[in-house]
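The values are calculated or read from the model by the stated rules, or taken from the named source; none is laboratory data. In this text the structure is predicted, and so the values were computed from the model without any measurement. Note: ideal-geometry Cβ built from the backbone for every residue, glycine included; neighbour counts use all protein chains shown. To get the accessible areas, we keep the full protein, side chains included, count just its heavy atoms, and leave off ligands, DNA and RNA. Shrake-Rupley method; radii C 1.70, N 1.55, O 1.52, S 1.80 Å.
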Amino acid sequence: MKQDLILPTNGNISQVFGVNPQFYADPKYGGIKSHNGIDFMGNTGWSIFATHDGIAEHQVDPGGGHGVVITSNDGSYRSIYWHLTNPSEHPEFVSPIYGKYKVPVETGDLIGYMNNTGAST
């Protein structure tokens, strides 16, 4: 039986969801604020998997980071995966979702590769 939700990668959690004063107290981040995600510790090139079934889209954030957004099939929730590789920096790790939109994915499908970008931990 297929699981409904899985973790996106192996590795320990390095940044939890919510307020983390040790990380966000740095003035370059504007003081203490909330972290709206969970970061996993790993190496560049580690596989990232879809945590649930849905429709995947490649996204680029304003700082140039690459990611994938998966919207559940019923549209009730989204999962967002940032700090992924892009071909210009790591041609050996090209995401099957890179540059694509409205790609159906299932739980456990490969959607990208880990990178260390922006304010990742």
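Of the heavy-atom accessible surface of the stretch 65-121 (probe 1.4 angstrom), what whole percent is carbon and sulfur?
Values: 1560 of 3070 Å².
Reported share for carbon and sulfur atoms: 51 percent.
Accessible area of Ile6, 1.4 Å probe, to the nearest 10 Å²?
For Ile6, the solvent-accessible surface is approximately 50 Å².
In the neighborhood of Gly54, defined by Cβ-to-Cβ distances under 11 Å, what is the net charge if each Lys or Arg adds +1 and each Asp or Glu adds -1? The partial results should precede the final answer.
Values: positive: Arg78, Lys102; negative: Asp53, Glu57, Asp74, Glu106, Asp109.
Once all neighbours under 11 Å are counted, the net charge is -3.
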